Amino acid sequence: MKFTPDKPPLTGETLDTLTTRLAEQGQPTFRAKQILDWVYKKRARTWDEMTNLPKPLRAWLDTTFDLVPTSLVLHKESHDVTDKLLLEMRDGSLIETVIIRAPQDDVGEEHSRKTICISTQVGCAMACVFCASGLAGLKRDLSAGEIVAQLLQVCYREDARTPRARPELASFDNIVVMGMGEPLANYDALIRALTILNAEWGLGFGARRITVSTSGLVPKILKLAEEPLGFRLAVSLHGATDEVREKIMPINKAYPLAKLIPAVREFSEKHGRMITLEFILIEDVNDSIDQAGELRDIARDLHAHVNIIPYNTVEGLPWKRPSVERQESFADVLRAARVPVTLRREKGHDIAAACGQLRLKTEKDRELAAM
Ligand code: SAH
């Protein structure tokens with residue numbers, strides 16, 4: 001399930017791979033760093049902006065690489081603090097990248113904090129019953145260059161909006177890999193992309209400010225624990241017992257809680273940082289006080305932070321968000337046990353912020369337009 005473009009994206013190259021390519025052309029070693037500086041620090045959007053490169057080299061780059069392999073199709077600003085970029089890949093595939101302009105925990109003084117939510121696949125194979133991304137299954141994996149390009153697209157927009165004291169720095173604070181797709185199912189491209197984002201010659205973005213969210217691919221969680229860069233982990237739990245979890249997340253059959261929880265514990269111990277358990281609240285599915293009690297016990301055992309997310313309704317799916325009172329009573333069970341918990345405020349409901357919805361809607365619109 002791979003797409004091979006005419007020209008590979010430059011954003012998928014590392015300093016090493018680019019140096020090798022350039023050496024084959026008889027170029028000196030320093031050229032690779034110069035080019036990457038233009039891309040990640042100065043955010044050049046055309047080869048011709050790279051004025052310290054000889055013209056023939058620019059021409060060779062142009063025939064060899066796609067500078068940024070995505071185009072912005074749509075930018076939706078919601079009435080609250082969430083923005084969405086709908087990006088089109090070279091094969092016409094659509095993905096979503098979300099900008100969340102507030103802290104997850106609603107602390108007023110940190111209001112300017114920006115979290116960027118990126119996608120790793122077109123569609124998703126996990127088939128969680130509540131999620132719009134998986135409705136049409138998996139179309140394909142994104143390449144590392146396509147994953148990285150999402151952040152550059154955000155930089156282009158954010159740079160224009162809020163210039164920073166040091167313009168070469170990315171104008172956002174956190175990256176969460178919580179967009180469309182299961183990141184750990186596209187492991188190699190994910191790690192390559194995160195390495196590029198983290199590298200000093202890339203975006204220079206700290207690994208501890210990058211969170212990978214997974215539906216619970218146990219072997220890959222264990223593999224991620226071994227990565228030298230130390231990215232943070234969030235686990236989409238959504239059910240605190242197998243009985244509840246397997247009804248809504250098919251992956252729980254392959255990796256039930258008895259396998260998932262020890263893997264998360266191992267990650268947490270290796271990593272030395274608190275992991276996050278995500279728990280979307282769906283009315284009459286997983287929002288009982290019993291589930292809250294089970295979740296509290298798991299969170300205490302793992303010393304985890306819990307993110308409670310009121311479900312975002314998805315067109316065509318029957319699931320509902322519980323009342324605010326019910327959300328609060330659920331959270332209270334955890335708070336009473338001093339489990340660190342965040343009850344997320346609604347963000348982006350008005351622009352179809354639930355994963356994959358904007359893409360589905362646009363694909364539908366396109367189909368209609370083609371009829
Ligand atoms: N596949 C990864 C990352 C992508 S989904 C994972 O499962 O973690 C990012 C988060 O959004 C997951 O916790 C997912 O369960 C949640 N999510 C999906 N659809 C949602 C919806 N309609 N409302 C609220 N959260 C949703």
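The values are calculated or read from the model by the stated rules, or taken from the named source; none is laboratory data. Model, not experiment: these values are computed from the prediction. Here the Cβ positions follow ideal geometry from the backbone for every residue, glycine too, while neighbour counts run over all protein chains shown.
Those helices (runs of 4 or more DSSP H) of region 167-272 in which at least 1 residues are modelled with pLDDT under 95 and more than 16 Å from the ligand (Cβ to nearest atom), considering only elements entirely within it, cover 257-271. Annotation: of all residues in region 301-316 being more than 8 Å from the ligand (Cβ to nearest atom) and assigned to a loop (DSSP other than H, G, I, E, B), the one that is surrounded by the most Cβ atoms within 10 Å (Cβ to Cβ) is Ala304.
Restricting the search to region 48-73, which residues are over 21 Å from Arg140 (Cα atoms) and either surrounded by fewer than 16 Cβ atoms within 10 Å (Cβ to Cβ) or not hydrophobic (A, V, I, L, M, F, W, C) (or both)? Matches in region 48-73: Asp48, Glu49, Thr51, Asn52, Pro54, Lys55, Pro56, Arg58, Ala59, Asp62, Thr63, Thr64. Within the bounds of region 172-193, is there any residue that is under 22 Å from Thr82 (Cα atoms), out of contact with any His (no Cβ under 9 Å at 6 or more places or on another chain) and surrounded by fewer than 19 Cβ atoms within 10 Å (Cβ to Cβ)? The answer is yes; a qualifying residue exists.
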